[in-house]
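**Q** Right, I'll just put the structure down here and ask away after.
The values are calculated or read from the model by the stated rules, or taken from the named source; none is laboratory data. Here the structure is a predicted model, which means the values were calculated and not measured. Positions of Cβ are backbone-derived with ideal geometry, glycine not excepted, and every protein chain shown enters the neighbour counts.
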Amino acid sequence: MMSKKLFISRNLHEKSPFWKLKDRVDIYDHSLLQFRSIPFAKIPESQWLFFYSQQGVVHFFRQLSDQQFTDRKLAAFGPKTADVLAEQVPTIHFIGNGSAKATASALQLVTNRQAILFIRARQSRRSVQRCLPKNTHPDLIVYDNRPKAKFDVPNCDFLIFTSPLNAKTYFDKYPEVEGQIIFAIGDTTAQTIQQLTKAKVWVPPNPSEESLVTLVTKHL
């Protein structure tokens, strides 16, 4: 009997919980995006810095040099971003759950109308900012994420998408195949997939690899 195949649009860390499934499925882990830093001259004034993604942390601190931000409080959209941020700073003052609405609501309570600078990608959907009062918080674009020009993904039984742009990049090249089971890490990614396909999209209760693994396991 041939092994089933699983694709996830992320380069998995060696400690990812997905590797627990390697005896049950063949795993193909590849981001379909390429990243490059976008230079910034200075950091706009704010009381808080909010990081949407792991890549945002990487490209922000890569360019930081001697710019001062030590008087600012730090926030992360979700636990994975917080893990990367913790490698750079001793204290993180707020960690969201990866859901835009819930994170925005909690962030408003914690920041108490203080100015928040959102660190993001050029193509970011600004999902948390869109849930906050308009025109109240600046942002800083620190990296660009674009689809890879060349990539190959085998025909897989399970497709897992970790961002809207990864999903769009995949379906721009490959058609939806009957019988495939499709997962999205969160609601924003799921909405993009639903615009591109007619498939049912499964979304875990929490936007984390652990929750995705639990959900995928139910379909094995």
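**Q** Given the condition free of Cβ contacts under 8 Å to residues at least 40 places away in the same chain, out of contact with any strand residue (DSSP E or B) (no Cβ under 6 Å at 6 or more places or on another chain), in the same structural domain as Lys134 (by TED's automatic domain parsing) and among the polar types (S, T, N, Q), answer yes or no: does some residue in the range 94-103 qualify?
**A** So far as the range 94-103 goes, yes, one or more of its residues are free of Cβ contacts under 8 Å to residues at least 40 places away in the same chain, out of contact with any strand residue (DSSP E or B) (no Cβ under 6 Å at 6 or more places or on another chain), in the same structural domain as Lys134 (by TED's automatic domain parsing) and among the polar types (S, T, N, Q).
**Q** Only one of these conditions is not met by Gly186: (1) free of Cβ contacts under 8 Å to residues at least 12 places away in the same chain; (2) crowded, with 21+ Cβ neighbours inside 10 Å. Which number is it?
**A** Looking at each condition in turn, Gly186 falls short on (1).
**Q** A follow-up question, please. Test each condition in (1) buried (at least 19 other Cβ atoms within 10 Å of the Cβ); (2) in contact (Cβ under 8 Å) with a residue 40 or more places away in the chain for Ala82 and report the one that comes out false.
**A** (2)
**Q** Oh, and also: Does the range 198-220 hold any residues that are β-branched (Val, Ile, Thr) and surrounded by 17 or more Cβ atoms within 10 Å (Cβ to Cβ), and which are they?
**A** Within the range 198-220, Val201, Val203, Val213, Val216 qualify.
**Q** Moving on to the next point. Which of the residues spanning the range 9-54 are part of a helix (DSSP H, G or I) and modelled with pLDDT under 95?
**A** Gln54
**Q** Based on this model, can you work out whether Leu85 counts as in a helix (DSSP H, G or I), closer than 29 Å to Lys15 by Cα and modelled with pLDDT of 95 or more?
**A** It is true that Leu85 is in a helix (DSSP H, G or I), closer than 29 Å to Lys15 by Cα and modelled with pLDDT of 95 or more.
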